[in-house]
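The values are calculated or read from the model by the stated rules, or taken from the named source; none is laboratory data. Predicted, not measured: the structure shown is a model, and the values here were computed from it. Cβ atoms come from the backbone with ideal geometry, glycine included; neighbour counts cover every protein chain shown. When the accessible area is computed, the model is the full protein with side chains, heavy atoms only, and any ligands, DNA or RNA have been set aside. Shrake-Rupley method; radii C 1.70, N 1.55, O 1.52, S 1.80 Å.
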Amino acid sequence: MMSNFKYCPMCGTQREDGSQFCKKCNFEFLVGKYVKSDDEKSSQDENIEVEKLSQDEIITTEKVSQEEFVESNEMLRQTKNKINCCIAKYLNYELTNQYNETYEENINISIMEYISHSSNSSFSDIFEKEYLEKFENLIHDEKFVDSKNIFIQWIGENRGHLPGMVLNQYKVPIQSNIDSLKNVISLDMVDSDENEKFKDLLNEYLDFEKEFLENLI
């Protein structure tokens, strides 16, 4: 019998009844039933796990539903795309000014690829010359941070039911993003208040991604 995942753990697409593969990304659903742990069974009605620390102290932790995981995964994807778009557009603007000409010859090819790929995304709420402000708002957005925590909690609760390939497919884009951020941070940019703030935000975002990756390993 196939696992009872209602949504694809890779792309978030709702699973069709009895299907073996995701209709969008072709992920093969796990063989075998998704078995609830004893703690889950005992609190199935309220969907909570209770841990007794002492006779007088109890901590309750809500289980993350598949629907919540899918929503958090999508939130992370969209926000990261916006953040990378802000970074790429800011770089394009600053480097053009810095070299007063086309800057391709002066920049590492990996950074050029990052700028080209990330700046192609068009978002109606990202405006010219407001890239830093938008970048800062996005990485501090509570929903974005909460989504990371929900994502990590769901992975922790379901790690034993997920094949290594699934975890690797989550890790690879995060590691790729970390590598891109390191390359951008290493760029030799002119001294200015804006560029200093830009590098600070990059380092903050890099720490966010490093912590995220560590929790998936």
Item to check | Unique match (being in contact (Cβ under 8 Å) with a residue 40 or more places away in the chain and either hydroxyl-bearing (Ser, Thr, Tyr) or within 19 Å of residue 84 (Cα to Cα) (or both)) among 211, 194, 113 | outcome: 194
Checklist entry - Quick check, is residue 164 surrounded by fewer than 18 Cβ atoms within 10 Å (Cβ to Cβ), of a type in the set (Gly, Ala, Ser) and farther than 16 Å from residue 28 by Cα? => result no
Item to check | Scope segment 171-211; condition in contact with a helix residue (DSSP H, G or I) (Cβ under 6 Å, 6 or more places away or on another chain) and more than 25 Å from residue 92 (Cα to Cα); matching residues | outcome: 171
Checklist entry - Just to be sure, is residue 177 open to solvent by 50 Å² or more (accessible area, probe 1.4 Å) and closer than 19 Å to residue 74 by Cα? => result no
Item to check | Residue list for segment 67-96, filter: farther than 30 Å from residue 153 by Cβ, open to solvent by 40 Å² or more (accessible area, probe 1.4 Å) and out of contact with any Lys or Arg (no Cβ under 8 Å at 6 or more places or on another chain) | outcome: 89, 92, 96
Checklist outcome for this item: Among residues of segment 182-191 being closer than 18 Å to residue 104 by Cα and within 20 Å of the chain's Cα centre (by Cα), the residue most open to solvent (accessible area, probe 1.4 Å) is 183
Checklist outcome for this item: Scanning segment 197-217 residue by residue, those under 21 Å from residue 73 (Cα atoms) and open to solvent by 70 Å² or more (accessible area, probe 1.4 Å) turn out to be 204, 207, 210, 211, 214, 217
Checklist entry - Which condition breaks for residue 151 when tested against (1) over 20 Å from the mean Cα position of the chain (by Cα); (2) in contact (Cβ under 8 Å) with a residue 12 or more places away in the chain; (3) surrounded by 15 or more Cβ atoms within 10 Å (Cβ to Cβ)? => result (1)
Checklist outcome for this item: (1) over 17 Å from the mean Cα position of the chain (by Cα); (2) surrounded by 12 or more Cβ atoms within 10 Å (Cβ to Cβ); (3) modelled with pLDDT under 90 all hold for residue 194 apart from (3)
Checklist entry - If you go through segment 79-99 one residue at a time, do you hit one that is of a type in the set (Gly, Ala, Ser) and closer than 19 Å to residue 197 by Cβ? => result yes
Item to check | Residues that are of a type in the set (Ser, Thr, Tyr), open to solvent by less than 60 Å² (accessible area, probe 1.4 Å) and at pLDDT 75 or above, drawn from segment 97-133 | outcome: 103, 110, 114, 118, 119, 131
